[in-house]
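The values are calculated or read from the model by the stated rules, or taken from the named source; none is laboratory data. As the structure is a computational prediction, the values presented were derived from the model and not from experiment. Every residue, glycine as well, gets a Cβ built from its backbone with ideal geometry; the counts of neighbours run over all protein chains shown.
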């Protein structure tokens, strides 16, 4: 087994998830009304969020999947968290829920400011 697989578990890149730089993310959000989700906790969300973002707490796993039932899986969805870790996990979960165009903010909200 290669050292890469030992260290990283041999993860393959999810073809439905694109990590965007802050500049590209901002450019995409400015084009049109988008499905924008902040996956941080409500307390984190209250400290500041991207305008128009809906807060769906990733840690509320029971309700997290259900919260996306009203979203359109055919439309792109933009997600972010604090640093990029939770949103990466959330993106993979959204892919399993049928979303095919998932855009994640590189570095999370820390990179946005």
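Annotations
- Segment 84-99 - residue that is in a loop (DSSP other than H, G, I, E, B) and surrounded by 16 or more Cβ atoms within 10 Å (Cβ to Cβ) and, of those, modelled with the highest pLDDT: 99
- Residue match in segment 67-80 (condition: assigned to a helix (DSSP H, G or I) and under 13 Å from the mean Cα position of the chain (by Cα)): no
- Residues in segment 35-50 that are buried (at least 16 other Cβ atoms within 10 Å of the Cβ) and outside any strand (DSSP E or B) were compared, and the one that is nearest to the chain's Cα centre (by Cα) is 39.
- Condition met for residue 110 (part of a strand (DSSP E or B) and farther than 14 Å from residue 16 by Cα): no
- Residues in segment 90-101 that are touching a residue at least 24 places away in the same chain (Cβ under 8 Å) and over 22 Å from residue 113 (Cβ atoms): 92, 93, 94, 95, 97, 98, 99, 100, 101.
- Qualifying residue in segment 51-62 (condition: outside any loop (DSSP other than H, G, I, E, B) and at pLDDT below 95): yes
- Any chance residue 25 is outside any helix (DSSP H, G or I), surrounded by 17 or more Cβ atoms within 10 Å (Cβ to Cβ) and in contact with a strand residue (DSSP E or B) (Cβ under 9 Å, 6 or more places away or on another chain): no
- In the set (1) surrounded by fewer than 18 Cβ atoms within 10 Å (Cβ to Cβ); (2) in contact (Cβ under 8 Å) with a residue 12 or more places away in the chain, the condition left unmet by residue 58 is number (1).
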